[in-house]
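One structure is given below, encoded as structure tokens.
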Amino acid sequence: AASSGATPSTAGTYALCGMLAGILGSLGKAGSALGFILGSMILAIYFNGAAETMLYLRDILAGSFMFFVVPDRLTDRLTAPFARKSADLADEKSCSRRIRGLTAERLRKFADAFMALSRTFENMAKAGAPSEKHDINLLFDRVADRICRDCSLCLHCWERSFYDTYQVMFRIVESLEARGRVDESGIPAHFMDKCPRINDFVNAVNNMYELFKAGVIWKSRIGESRSVISRQLEGMSRVIGNLAEEINTDISFIGQLEEAISAALKREGIKAADVAVYKGLWGKYEISVRHDSCGGARKCTAVIDRIVSEAAGRSMVRSDEECPEYGSGECTLKYIEAENLRITTGVARMPKYGSKVSGDSFSFMDGNSGKYTLALSDGMGTGHGASIQSKAAVDMLESFLESGFDKDTAVDLINSVLVLKSDGDSTCTMDIAMIDLFSGEVEFIKIGAAPTYIKRDSRVEMIRSASLPAGILPGVDAELSRKYMDAGDMIIMVTDGITGSMADDEQGDRVLLKYIRQMESLNPQLVAESILEEAVGRCGGQPSDDMTVLVAKVWKKPL
């Protein structure tokens, strides 16, 4: 009725009438028709009986009459496809939500089970702590049982003169703790004169004490291992719990933006079968476009790239695409929000003089969470053995971060693995920098590592660490600091072979700071090579330790 000569009030008229029809729809056809008529009458009164409004009222009365005479079966048949589609969509969403809920619940139970195991091992570690006093008493009980049981003076020494014998045992313990073994000089003369088996007694005490020391060491290692396993299980529990929360998080789809992209694609002659826009786990836009293939010509991708970024109002980059190379079919393009920053890196290294293998290992990791990670590890010692330790630490860090472990859990697990396999020499430093490519925030994690330097033009800031290397203590002693980086800033990470060679009248880290301050190069590779060359030159071309320099420069991404 309003298809010709319609005024701007038309949309408002039908909106109000439709709303009232819906409100009274529970009364059946009569209620819907009455609601529609009431809406029109209200507007007629509001517009003071304007002719155009009364014309709409006549049309509405005629339409209401037709609505009454059309059989219910026909209207049900006409609306059934839409009703089924809506119901199917609601059922699909409900089913998906239930599946995610059930999966999350199962994962939470797994997390609780791992946490319970963690507490069990921790309690075992505390309960199994060696009691030195108890073990010393047991040592002398065994010596007495082996040497004194069938001795004619056993009753005299261990019952009638028990107090005197006990004092002698204390003197023997003092000698054992001071010298590691006992001889005749550590035993009172009156006891030696009285004991007919003094030589056998001394030998038995020394042999039992050796077993006692070995037992204390093994009990301590078992308790330490239980504590480490407890921390590993606790870390696994945290990871599984976080995964459960991520699975159960509702993804927020942005329908208005989906419609805008679909309309823009249609104007360009591209028929989109599906457009999905949502915010991912990191709170950043992710967009998926499924459309008819252009036969592998890729002519449409540039157009879609532009439309997606323009509609989203931010720079979006294509992260994945699936498209048939030949013939017909459908293409799926996936986009993620582009980072604001990018990183270029440089590395320079040299093994200890006379060695072919460096004990330092490093890694550059560009993660899918908008973070770029630099890692540098210095194994204990030099050469092949040190290389095995540092490479294991870096490889584990890469695997844990790529698998979705948070940095704290990853570092804790690496430390615990090194502790478990440690024979006293399996230790290494860990120097990690995690750069947020959206905000520019950098998290520095240092475990026994040499200083890290941040160069901003002619200003240089040094980040120190006083922690122990990884693999020494069951609990990791990491130092965390946060800084913000701007375009043009550089991060410079070195191993102690560099700072050690720089030392003269000043500490090597201070000398290196001054050297970095006067450098003018903006190329991270040239900066790394220059620092290594200076360090090697200062030790006469014969480094006494492995040397490695990592440099990362922050750039602003072009729009």
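The values are calculated or read from the model by the stated rules, or taken from the named source; none is laboratory data. Here the structure is a predicted model, which is why all the values come from computation and not from measurement. Here the Cβ positions follow ideal geometry from the backbone for every residue, glycine too, while neighbour counts run over all protein chains shown.
Within segment 335-364, how many residues turn out to be assigned to a strand (DSSP E or B) and either surrounded by fewer than 16 Cβ atoms within 10 Å (Cβ to Cβ) or among the aromatic types (Phe, Trp, Tyr) (or both)?
Step one: filter segment 335-364 for residues assigned to a strand (DSSP E or B), giving 335-337, 341-350, 360-364.
When the remaining residues are screened for being either surrounded by fewer than 16 Cβ atoms within 10 Å (Cβ to Cβ) or among the aromatic types (Phe, Trp, Tyr) (or both), the result is 335, 344, 362, 364.
Final tally of qualifying residues: 4.
Please verify whether Val554 is touching a Lys or Arg at 6+ places or on another chain (Cβ under 9 Å) and free of Cβ contacts under 8 Å to residues at least 24 places away in the same chain, treating the condition exactly as stated.
So Val554 fails the test.
For the subset of segment 490-506 comprising residues that are surrounded by fewer than 21 Cβ atoms within 10 Å (Cβ to Cβ) and either more than 10 Å from Pro451 (Cβ to Cβ) or aromatic (Phe, Trp, Tyr) (or both), which member is modelled with the lowest pLDDT? Steps first, please.
In the first step, residues of segment 490-506 are kept if they are surrounded by fewer than 21 Cβ atoms within 10 Å (Cβ to Cβ); the result is 496, 500, 503-506.
So of that shortlist, the ones also either more than 10 Å from Pro451 (Cβ to Cβ) or aromatic (Phe, Trp, Tyr) (or both) come out as 500, 503-506.
On the way: Gly500: 88, Ala503: 78, Asp504: 71, Asp505: 61, Glu506: 68.
It comes out as Asp505.
Residue by residue, here is whether (1) of a type in the set (Ser, Thr, Tyr); (2) in contact with a Ser or Thr (Cβ under 7 Å, 6 or more places away or on another chain); (3) assigned by TED's automatic domain parsing to the domain that holds Val549 holds:
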residue	(1), (2), (3)
Arg314	no, no, no
Leu376	no, yes, yes
Gly383	no, yes, yes
Ala386	no, no, yes
Asp395	no, no, yes
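Could you tell me how many of the residues in segment 375-411 are assigned to a helix (DSSP H, G or I), within 15 Å of the chain's Cα centre (by Cα) and hydroxyl-bearing (Ser, Thr, Tyr)?
Result for segment 375-411: 2.
Condition first: more than 30 Å from Thr120 (Cα to Cα), touching a helix residue (DSSP H, G or I) at 6+ places or on another chain (Cβ under 6 Å) and of a type in the set (A, V, I, L, M). Can you find one or more residues in segment 149-167 that meet it?
Within segment 149-167, none of the residues are more than 30 Å from Thr120 (Cα to Cα), touching a helix residue (DSSP H, G or I) at 6+ places or on another chain (Cβ under 6 Å) and of a type in the set (A, V, I, L, M).
For segment 428-464, which positions are buried (at least 24 other Cβ atoms within 10 Å of the Cβ) and hydroxyl-bearing (Ser, Thr, Tyr)?
Residues satisfying the conditions are Thr429, Thr452.
For every residue, the table says whether it meets (1) exposed (fewer than 13 other Cβ atoms within 10 Å of the Cβ); (2) out of contact with any Asp or Glu (no Cβ under 9 Å at 6 or more places or on another chain); (3) modelled with pLDDT under 65.
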position: Ser118; (1), (2), (3): no, no, no
position: Phe140; (1), (2), (3): no, yes, no
position: Cys148; (1), (2), (3): no, yes, no
position: Leu155; (1), (2), (3): yes, yes, no
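Please give the number of the condition Gly497 fails out of (1) farther than 30 Å from Asp408 by Cα; (2) part of a helix (DSSP H, G or I).
(1)
In segment 523-552, which residue that is part of a helix (DSSP H, G or I) and of a type in the set (A, V, I, L, M, F, W, C) is nearest to Asp457 (Cα to Cα)?
Residues of segment 523-552 part of a helix (DSSP H, G or I): 524-538.
With of a type in the set (A, V, I, L, M, F, W, C) added as a condition, the list becomes 526-528, 531-532, 535-536.
Numbers: Leu526: 16, Val527: 13, Ala528: 16, Ile531: 17, Leu532: 20, Ala535: 22, Val536: 25 Å.
Restricting to residues being part of a helix (DSSP H, G or I) and of a type in the set (A, V, I, L, M, F, W, C), the top hit is Val527.
With (1) surrounded by 10 or more Cβ atoms within 10 Å (Cβ to Cβ); (2) at pLDDT below 75; (3) within 54 Å of the chain's Cα centre (by Cα) as the list, and Lys133 as the residue in question, which single condition is left unmet?
(1)
Name the residues in segment 195-224 that are in contact (Cβ under 8 Å) with a residue 40 or more places away in the chain and either farther than 18 Å from Arg146 by Cα or among the β-branched types (Val, Ile, Thr) (or both), would you?
Listed by number, the residues that qualify are Val205, Gly215, Val216, Lys219, Ser220, Ile222, Gly223, Glu224.
Note down all Cβ pairs under 7 Å where the first residue falls in segment 177-188 and is of a type in the set (Gly, Ala, Ser), the second is surrounded by 13 or more Cβ atoms within 10 Å (Cβ to Cβ), and they're at least six residues apart or on different chains.
Close Cβ pairs (under 7 Å, with a partner that is surrounded by 13 or more Cβ atoms within 10 Å (Cβ to Cβ)) amount to Gly186/Arg171; Gly186/Ile172; Gly186/Ser175.
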